[in-house]
Each structure stands twice: as structure tokens, then as C-alpha cells.
Amino acid sequence: MQIQIYGKNIEVTPAMQDFIHKKLARLERFFHKPQKIHVELSVDKHHKSGEVQQVDMNIYLEHHQLRTTQKSNNMYNSISQACDELKDQALRDKEKYQGKRRKTIQIKRLMKSIWPWQKIGREGGDSTPPADDQT
């Protein structure tokens with residue numbers, strides 16, 4: 001897993017890098033094969049709230065990507081919130097995939113109970129029912 005950390009208007013300290021690596025290491029079990037992770041830390045000045053610490057995280061997976069942006073007054077809080085959001089997104093994707101898989105399995109079982117002679121799915125097969133032997 002490649003983690004690239006960038007700073008915009010902020011110097012990325014080794015303590016910040018270590019904190020990000022620890023937080024993302026805890027998220028590794030939720031992802032199948034993360035290819036790259038881009039983390040951008042930035043500080044913007046807002047006319048009312050002063051300095052705003054922002055974290056943008058992108059996780060590139062095999063077929064899609066997860067993205068989050070979090071803002072707060074403290075950079076470490078922003079990083080924690082971003083990691084929590086990515087965890088929630090990963091769980092939603094996992095449940096969505098498992099739900100689709102379960103539905104297809106249930107449909108196959110139902111079809112097999114209705115037409116036990118027919119092979120369903122990748123097996124292929126003849127769609128005609130077996131001949132009755134009445135000898």
C-alpha cells in the first residue's frame with residue numbers, strides 16, 4: 001500500500017506522518033487491495049473562524065475510489081474524522097457487495113427448488129425436464 005502525503009500551506013511533520021500511517025493501518029482490514037492512498041493536508045485562513053485545517057483523503061481501490069474531506073480547527077481531529085468517514089464508506093461498500101451476492105445465491109436456490117433438473121449459473125445445462133420412465 002502506497003501512502004502519499006502532501007502539505008499545502010503547511011509543513012508535514014514526522015509526527016503527523018506517523019499519526020496518519022497509524023490511522024490508515026487500522027483501516028487496511030476493511031479494504032481488499034488498496035493500490036494508492038493520497039492524503040493532502042492544508043491550512044486555509046477564513047475571515048470568520050481563522051485558520052481552518054483541512055484533510056483530503058483518496059483511496060484508490062481496484063475498481064473504484066473512496067474520497068473524503070474533513071475540516072476542523074485541529075489537524076489531528078481532521079485526520080481522525082477523515083479516517084472514520086473512510087471506515088464508514090468501506091463498511092457500506094462491503095455490505096452492498098455482500099447483499100448483492102446473497103441475493104444472487106438466494107435466487108439460485110429458489111430456481112433450483114423449482115427446477116431441480118436444470119443446472120443454474122455457470123454450470124449451464126439442458127432446459128428440458130427429465131423423461132419419466134414408466135416401464
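The values are calculated or read from the model by the stated rules, or taken from the named source; none is laboratory data. Quantities reported herein were computed from a predicted structural model and do not represent experimental measurements. Positions of Cβ are generated from backbone atoms using ideal geometry, with glycine treated the same way; all protein chains shown enter the neighbour counts.
Name the strands (runs of 3 or more DSSP E) wholly within segment 1-117 that hold at least 3 residues that are at pLDDT below 90?
Numbers: elements: 2-8, 36-46, 50-60, 65-72.
Correct list: 36-46, 50-60.
If only residues of segment 16-32 that are of a type in the set (D, E, K, R) and more than 15 Å from GLN89 (Cα to Cα) are counted, the one that is surrounded by the most Cβ atoms within 10 Å (Cβ to Cβ) is LYS23.
State all residues of segment 1-49 that are of a type in the set (Gly, Ala, Ser) and farther than 15 Å from ILE59 by Cα; if no residue qualifies, say none. Steps first, please.
Of the residues in segment 1-49, the ones of a type in the set (Gly, Ala, Ser) are 7, 15, 25, 42, 49.
Matches in segment 1-49: GLY7, ALA15, SER42, SER49.
Scanning segment 68-88 for residues that are within 10 Å of the chain's Cα centre (by Cα) and surrounded by 15 or more Cβ atoms within 10 Å (Cβ to Cβ) gives LEU86, LYS87. Considering only residues in segment 33-47 that are basic (Lys, Arg) and within 22 Å of the chain's Cα centre (by Cα), the one that is surrounded by the most Cβ atoms within 10 Å (Cβ to Cβ) turns out to be LYS36.
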